[in-house]
Amino acid sequence: MKKLLGLGLGFMAITALAGCGATQAQSNADKALNVTMIGNPATADPAISGDSNSSSLIAQTEEGLYTLDQNGKVVAGVAEKVVKPTKNGTVYTFKIKKNAKWANGDAVTAQDFVTSFDWQVNPKSKSQVANKLKYLKNYDAVQAGKKAPSALGAKALDKQTLQLTLSQPQPWLPDILATAAYPMKTDLFKKYGNQYGTSAEKTMSEGPYKLVGWSGSTDSWSYVKNQHYWNAKGVKIAKVNVQVVKDPGTSANLFKSGKVQETVLSGQYIKQNANNPELKTTLNSSMRFLEFNDKKTVTHNTKVRQAFSYVVDRQALTKNVLQDGSAAAKSLIPTGDGDDPTTGKDFTADVGNLLSYNPKKATQLWKQAKQELGIKKANLELLTADTDEQKHVAQYLQQQAQKYMPGLTITIKSMPLAQQIAKGAAGNFDIDLDGWTTDWRDPADFLQMADGTSSVNFTKWDDAHFNKLMKQVDDTANHTTQQRWDLLKEADTYVTKQAGLVPLYQQAKAHLVSDSVGGLKYTMMSDAQYKYAYWK
C-alpha cells in the first residue's frame with residue numbers, strides 16, 4: 001500500500017508541476033518584452049533609412065532575402081537559400097519562399113524587392129543609403145536621372161524569382177542583403193508614394209514582428225508578432241514594447257525597477273554597472289566624426305579642420321567623458337572592419353594611428369588659418385543630436401576648441417536625430433557631430449562619407465585626389481583584392497590627414513539585459529534580434 005500510495009502521490013506531484021509549467025509557459029507566451037531606444041526613428045521606409053534608430057526599427061520588423069542568425073552569420077531569410085552568383089560574380093538569382101507573407105497574409109513577391117530597390121536608387125527619394133546598391137547595373141545612370149529607375153539591375157522574372165545584375169563583382173553583397181536591403185509592399189507604395197514609412201499605418205511588415213502604434217514622432221510603440229511570418233513558430237515573445245529614453249540615468253532606473261528588460265547605457269552608468277553580470281558591452285561597427293561644411297568659408301579651410309583634429313584628446317574623450325567602452329579613433333575606419341587579404345591583419349592596425357593630440361600645433365594652424373581668411377574671430381555652430389552621449393561630447397569639443405583656438409566661439413545646437421540628419425543633408429550647418437554605422441565589413445563604406453560623388457557626403461568636401469582613389473576602389477573588376485586593399489589604405493590615410501572628416505571614436509554599445517531573458521546577442525555588426533529572444 002505504501003508503494004502504491006507513494007506512486008500515486010508522485011504522479012499527482014508530477015501532474016501538478018506539469019500544470020504549473022504549462023501555466024508558466026502560457027503566461028510567458030503572453031508576457032511582453034519591454035525595451036528602450038535612445039532616440040526617435042526618422043522613418044520606417046527601408047529604402048531611405050539612414051539613421052541607426054530607423055535601422056533598428058526596420059531590422060525588427062522586416063526581413064531581407066538573407067538575414068543573420070543568432071551569431072551574426074548570414075543565412076537565408078525570405079529567399080529559399082543563400083545563392084552563388086553566376087557570370088563572374090555579377091548575376092544573382094533568388095527564389096522567394098512560398099510561405100513568405102506580409103502581415104496581412106499577402107505573399108511577398110520578387111516585385112516587392114524591385115519596388116524597394118528602384119525607389120532607393122531613384123534620385124527623387126533622396127535616399128541616404130542609395131549607394132548600398134551602387135553595384136547594381138545602371139545605378140549611376142539612374143542616380144543621375146539619365147535612366148528611369150526601372151532600368152536598374154533588379155528584375156522580377158516571375159512572382160517568386162528575383163534577379164540582381166551587377167555592373168561588377170561585389171563580394172560583400174550578402175551582408176547588405178541580410179542587413180540593409182528589404183522589400184516594400186508594392187501596392188501600399190503605389191498608394192502612399194513618398195509618405196510610405198512615415199507611420200505604422202503607411203507601411204507593412206513581412207518580418208517576425210509588425211509595427212504597431214508608431215506615428216513618426218511618438219516616443220513609444222510596439223512590435224507585435226507577425227503570425228504570417230514564414231518562421232512565426234520560432235518567435236517566442238509575442239510582443240515587444242519600445243520606449244524612447246534619451247537619458248541613460250532614466251534607462252538605468254527603469255531597468256533596475258524591472259520596468260524594462262533591455263536598455264542602452266552610456267557614460268558613468270556603464271562605469272557604475274561594470275561588475276553587473278547583466279551588462280553586455282561590445283565595440284560597434286560605428287565611427288563618430290566631425291563634418292565641416294565645405295561650402296562655408298571658414299570650415300572650407302583645411303587648416304581649420306586640422307586644428308580641430310589636434311585639439312581632441314581622444315583617449316581622454318573616451319575614458320573620461322564617454323566612459324562607455326568606446327575606443328579612440330586611429331583613422332576614419334573602426335577596428336574590426338576588414339582584414340588584409342594576404343596577411344589577415346586588421347585594417348586599422350595595418351594603417352596605423354594617424355591621429356594625435358597636439359594643442360600647440362592646433363593653435364599654430366588656427367593662427368595661420370585666420371591669416372589666410374583675413375579674420376580675427378569666428379563664430380561656428382556645432383550641430384548634434386539631443387542624446388546624453390552627444391551633448392557631453394559636444395561640450396568637451398566646445399571647451400577644447402575655444403581653449404586652444406583663440407577668437408573662436410562654438411555654439412552647440414542639439415535637436416532630435418531626425419532633425420539633425422535633415423539639417424545635415426540640407427547642408428544647413430557649420431560643424432556636424434555625426435556618425436556612421438556600417439552593415440558590412442569593408443572600409444569603403446566609411447570612406448564614401450567623404451567622397452565628392454556620394455549621396456551621404458554631407459560636408460560636400462570634393463577633393464579630386466580622394467575622389468579618384470575612391471573611383472579606383474570601386475573598380476572591383478579591374479583591381480585585385482590586394483590592390484583594392486592598398487587603395488583603401490591610401491584613401492584612409494589621405495582623408496584623415498587632410499581632415500576631410502575628423503574621426504573621434506569608435507562607439508561601443510552597452511546594454512543591460514535582464515537575466516530572465518535569453519537569446520539576445522550582440523556582435524560588432526548587429527544588435528540583438530528580438531525574434532531570437534525567449535523568457536527563461
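The values are calculated or read from the model by the stated rules, or taken from the named source; none is laboratory data. Please read all numbers here as calculations on a predicted model, not as lab measurements. Note that each Cβ is placed from the backbone with ideal geometry, even for glycine, and that neighbours are counted across all protein chains shown. The area values use the complete protein model at the heavy-atom level, side chains included, leaving out ligands, DNA and RNA. Shrake-Rupley method; radii C 1.70, N 1.55, O 1.52, S 1.80 Å.
Selection of segment 470-481 for residues being in contact with a helix residue (DSSP H, G or I) (Cβ under 7 Å, 6 or more places away or on another chain) and closer than 12 Å to THR453 by Cα yields only MET470. For beta carbons closer than 6 Å, sequence separation of 6+ or different chains, a first residue in segment 518-533 that is without any contact (Cβ under 8 Å) to a residue 60 or more places away in the chain and a second that is of a type in the set (Ser, Thr, Tyr), the qualifying pairs are GLY518/TYR534. Would you check which residues across segment 363-394 are without any contact (Cβ under 8 Å) to a residue 60 or more places away in the chain, closer than 26 Å to GLN323 by Cβ and open to solvent by 30 Å² or more (accessible area, probe 1.4 Å) and list them? Hit for segment 363-394 is LYS391, nothing else. Cβ-Cβ distances below 8 Å connect the following pairs, each with a first residue in segment 55-66 that is within 9 Å of SER205 (Cα to Cα) and part of a helix (DSSP H, G or I), a second residue that is aliphatic (A, V, I, L, M) and at pLDDT 95 or above, and a separation of six or more residues or different chains: ILE58/ALA44; THR61/ALA44; THR61/LEU211. Looking across segment 197-250, the residues that are farther than 17 Å from TRP102 by Cβ and of a type in the set (A, V, I, L, M) come down to ILE237, ALA238, VAL240, VAL242, VAL244, VAL245.
Quick grid of which residues meet (1) in a helix (DSSP H, G or I); (2) of a type in the set (Ser, Thr, Tyr); (3) more than 28 Å from ASN53 (Cα to Cα):
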position	(1), (2), (3)
THR335	no, yes, no
SER356	no, yes, yes
ALA362	yes, no, yes
GLN368	yes, no, yes
THR384	no, yes, no
HIS392	yes, no, no
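The listed residues are LEU354, LEU332, and the only one of them that is at pLDDT 95 or above and open to solvent by less than 30 Å² (accessible area, probe 1.4 Å) turns out to be LEU332.
Going residue by residue through segment 22-32, is there one that turns out to be farther than 23 Å from SER454 by Cβ, modelled with pLDDT of 95 or more and in a strand (DSSP E or B)? No - not one qualifying residue is present in segment 22-32.
The condition (being modelled with pLDDT of 90 or more, touching an Asp or Glu at 6+ places or on another chain (Cβ under 7 Å) and either of a type in the set (A, V, I, L, M) or over 19 Å from MET525 (Cβ atoms) (or both)) is satisfied by just one residue among VAL83, VAL91, VAL75: VAL75.
A count restricted to segment 399-416 and to residues that are of a type in the set (Ser, Thr, Tyr) and not in a strand (DSSP E or B) stands at 1. Condition check for ASP219 on (1) touching a His at 6+ places or on another chain (Cβ under 7 Å); (2) within 19 Å of ASP51 (Cα to Cα); (3) open to solvent by 70 Å² or more (accessible area, probe 1.4 Å): one failure, at (1). On the stretch given as segment 141-155, residues that are surrounded by fewer than 21 Cβ atoms within 10 Å (Cβ to Cβ), touching a residue at least 12 places away in the same chain (Cβ under 8 Å) and within 16 Å of GLN168 (Cβ to Cβ) total 0. Considering segment 50-80, and only residues there that are small (Gly, Ala, Ser) and open to solvent by less than 10 Å² (accessible area, probe 1.4 Å), the residue that is farthest from the chain's Cα centre (by Cα) turns out to be ALA79. What are the residues in segment 417-460 that are more than 23 Å from ASN379 (Cα to Cα), in a loop (DSSP other than H, G, I, E, B) and not acidic (Asp, Glu), if any? Scanning segment 417-460 gives THR438, TRP440, ARG441, PRO443, GLY452, THR453, SER454, SER455, VAL456, ASN457. Scanning segment 81-124 for residues that are open to solvent by 50 Å² or more (accessible area, probe 1.4 Å) and part of a helix (DSSP H, G or I) yields a count of 3.
If we keep just the residues of segment 174-186 that are surrounded by fewer than 22 Cβ atoms within 10 Å (Cβ to Cβ) and out of contact with any Lys or Arg (no Cβ under 9 Å at 6 or more places or on another chain), which is nearest to ASP106 (Cα to Cα)? Result: THR186. Number of residues in segment 342-378 that are of a type outside the set (Lys, Arg), in contact with a Leu (Cβ under 8 Å, 6 or more places away or on another chain) and closer than 22 Å to THR411 by Cβ: the value is 2. Within the option set PHE429, PHE458, PHE446, being closer than 27 Å to ASN320 by Cα and surrounded by 22 or more Cβ atoms within 10 Å (Cβ to Cβ) holds for one residue only, PHE446. The criterion of at least 3 residues that are of a type in the set (Phe, Trp, Tyr) and either at pLDDT 95 or above or touching a helix residue (DSSP H, G or I) at 6+ places or on another chain (Cβ under 6 Å) (or both) is met by none of the helices (runs of 4 or more DSSP H) wholly inside segment 128-206.
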